[in-house]
Amino acid sequence: MDNIDDENKRKVTIAGAAVAAYVVGATASLLLNIPIKPYTNKDYEREKYMEDILTSEELCRANLRMGIQPFHRLCSLVRDKGLMQDDKNCKVKEVMMRFLNLMGHNVRHRVLEARFHHSRETISRQFNKTLNFILKLYKCLVNDHAELVYASRVPFEISSNPRYATYFRDCVGTLDGTHVVASVPIELQD
Ligand SMILES: *[C@@H]1O[C@H](CO)[C@@H](O)[C@H](O)[C@H]1NC(C)=O
């Protein structure tokens, strides 16, 4: 019986201390005019952001540099090949979205941190993982020009433009206006 009483007393003391701390904090912020940070539902904001992009073809192309359907096909491909599965903390859709956004616009991790409400460490780790498995998909994603008849498959945008035709002769179908920043070591730049 004494034990239970002690336990209850302890609970009451803790609750009292918590209330006191809250009252002191709230009063201090009122007196000192410190704004109380509004509560953000991070999961909701993240889902909302992703939903906005994945329900507008225009937004999707602008942010991810691909349409909604190809994006979903890419996510399915990743799941079907067993490269990544959805789990509680990490959804294929979200990770792929960040990856494409970063690749397509050279977005910094700290920008994604605010947009997706994850730590920079998590974002960096998942990006590294994604980059590795995307590279494994190159056989599915990149056309092998040797198997194609050059003349019939080179997109008109390339073959008709002397600025591209010389340099992208064998880049079959890969020119889509996405610029990926690549750094070449100084000794290889020539
Ligand atoms: C991701 O890879 C980069 C480059 O190799 C490395 O600097 C960085 O520490 C990696 N991020 C994590 C969280 O391991």
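The values are calculated or read from the model by the stated rules, or taken from the named source; none is laboratory data. This structure is a prediction, so every number in the text was calculated from the model and none was measured. Cβ sites come from the backbone with ideal geometry, for glycine too, and all protein chains shown count toward neighbours. Note: areas computed on protein heavy atoms with side chains; ligands, DNA, RNA excluded. Shrake-Rupley method; radii C 1.70, N 1.55, O 1.52, S 1.80 Å.
Tabulated data for the structure shown
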item	result
Solvent-accessible area, 1.4 Å probe, carbon plus sulfur percent, for region 42-136	50
Rough spin-label spacing in nm, given labels placed 7 Å along Cα→Cβ, for residue 7 and residue 111	5.4
Residue-span extension gain [residue 129 to residue 189] - 0.36 nm each, minus C-alpha spacing	18.8 nm
Under the Karplus curve 6.51 cos²θ - 1.76 cosθ + 1.60, θ = phi - 60°, whole-Hz ³J(HN,Hα) for region 105-113, x wherever Gly or Pro sits	10, 6, 6, 6, 4, 5, 6, 5, 4
Test item: Cα-centred dipole of region 42-136, Lys/Arg +1 and Asp/Glu -1 on Cβ, debye	400
Surface per residue (accessible, 1.4 Å probe) for region 40-131, Å²	58
For residue 86, residues with placed amide H under 5 Å, excluding near neighbours	92
Two-site FRET efficiency, residue 137 against residue 40, from Cβ-Cβ distance with R₀ of 35 Å, rounded to 0.05	0.50
Rg/Rh (Cα only; Kirkwood hydrodynamic radius) as it applies to region 83-145	1.00
In nm, spacing of pseudo-spin labels at residue 72 and residue 58 (7 Å Cα→C-beta vector)	2.1
Surface/4 estimate of mean projected area, convex hull on alpha-carbon atoms of region 42-136, nm²	5.6
